[in-house]
Amino acid sequence: MGRFVSVICSISWLLVFSASGNAGSAEPQKEQSQTIRIAYAAPVTTMAPIWIAAEIGAYQREGLDAKLVFVDSKAAMATLVSGEVDALVISAPAVIPAVLSGANVAFIAGLHNKMIFSFHAQREIQSPTQLRGKIVGTDRPGTPTDYGARVALTKMGLKFADVQFLALGGSLILWPALQSHQVAGVTLAPPFSFRADSSGFSRLVDTYDRPYQNTGVVVQRNRIRPRADTWLRLLRALRQANLSWYEDPKLAMYVLTKYTKQSDPDLLQKTYDFETNPPGFTKDLKVSDAGLQGILDFLASTVRPEAAKAAPKEFYDTTILDKLAR
């Protein structure tokens, strides 16, 4: 019953925020807002902070006119490097290869540091050995989904050559591919992983025990200090958003319903519980050294041997977080 109440409350939030938004628009602005273009690579739960900040008016209170832009994961890093957007919210498996290849970008904050991927297969596949020689759906190399797939295969005792990788995209595309029997197995993130469970697909392994740097705010390094005031305002807004996830479950449910198009009360509750216990969203916005190191170690042993010489601190800059802590 409580789960259905959560969804009803989510709908009521829509009415409340719509009303408050109209009322707020009539108020005169004290100063000119700074426009900031924030890109995100998937409409998934780990992007919740940027949406919550919009819904609670955190950007506006910080004097920011935030433009949230959805970009395909394949083009996300290029969009940031080219200057088409000011900041990109994405996870470390997409950032580390780009930096190793020469991209002058860095995390200025971490928003989420929990591993979220699990591997699901067709119902008749009950063990990892049955995957040998079969098609496994994934995303292109260097994307978070591809990283999750490779970690999952390793945990199952399989080598990459044991299966046929088919690069299709993220969970939004992989879930339908699994349903249509286009592939034998895929790596999924919530809520798609929960949909696979409830639909009877085999869950062969999860990666939740691995250290990870999930989503964070990535910007061009040469713009960190020149735009320090803008980034500080942004991080204040996102810190409030992360705190609101835990303090206001009804708001969190509303945001998931609106932006990820989830409507099933059971999936909403499972997704919220998964991200809350243990917590996934960071309260201090720090980047996880252990998470970065875990990814570096894995890449070094698989597709990017040069990662063995890199250190976690090469992928983030604490200038703005240091200001935030004062």
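Remarks
- Any pair with Cβ under 6 angstrom, 6 or more apart, that starts in the range 117-136 at a residue that is touching a residue at least 24 places away in the same chain (Cβ under 8 Å) and ends at one that is part of a helix (DSSP H, G or I): PHE117/GLY148; SER118/SER193; PHE119/ALA152; HIS120/ALA196; ARG132/ASP162
- Among the residues of the range 162-173, at least one is within 22 Å of LYS270 (Cβ to Cβ), at pLDDT below 95 and buried (at least 23 other Cβ atoms within 10 Å of the Cβ).
- For the range 75-181, the helices (runs of 4 or more DSSP H) that sit wholly inside it and include 3 or more residues that are within 23 Å of ALA311 (Cα to Cα) are 76-81, 92-100, 144-155.
So that you can scan it fast, the table gives a plain yes or no per residue for (1) among the aromatic types (Phe, Trp, Tyr); (2) within 20 Å of the chain's Cα centre (by Cα); (3) modelled with pLDDT under 95:
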| site | (1), (2), (3) |
| --- | --- |
| PRO211 | no, yes, yes |
| GLY216 | no, yes, no |
| GLN220 | no, yes, no |
| ILE224 | no, no, no |
| ARG227 | no, no, no |
| LEU232 | no, no, no |
| ARG239 | no, yes, no |
| ASN242 | no, yes, no |
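- You will find that of GLY133, GLY142, GLY83, the residue that is of a type outside the set (Lys, Arg) and not assigned by TED's automatic domain parsing to the domain that holds SER193 is GLY83 and no other.
- Residue match in the range 293-307 (condition: among the β-branched types (Val, Ile, Thr), under 17 Å from ILE90 (Cα atoms) and touching a residue at least 60 places away in the same chain (Cβ under 8 Å)): yes
The values are calculated or read from the model by the stated rules, or taken from the named source; none is laboratory data. Since the structure is predicted, the reported quantities are computational estimates derived from the model, not experimental observations. Cβ sites come from the backbone with ideal geometry, for glycine too, and all protein chains shown count toward neighbours.
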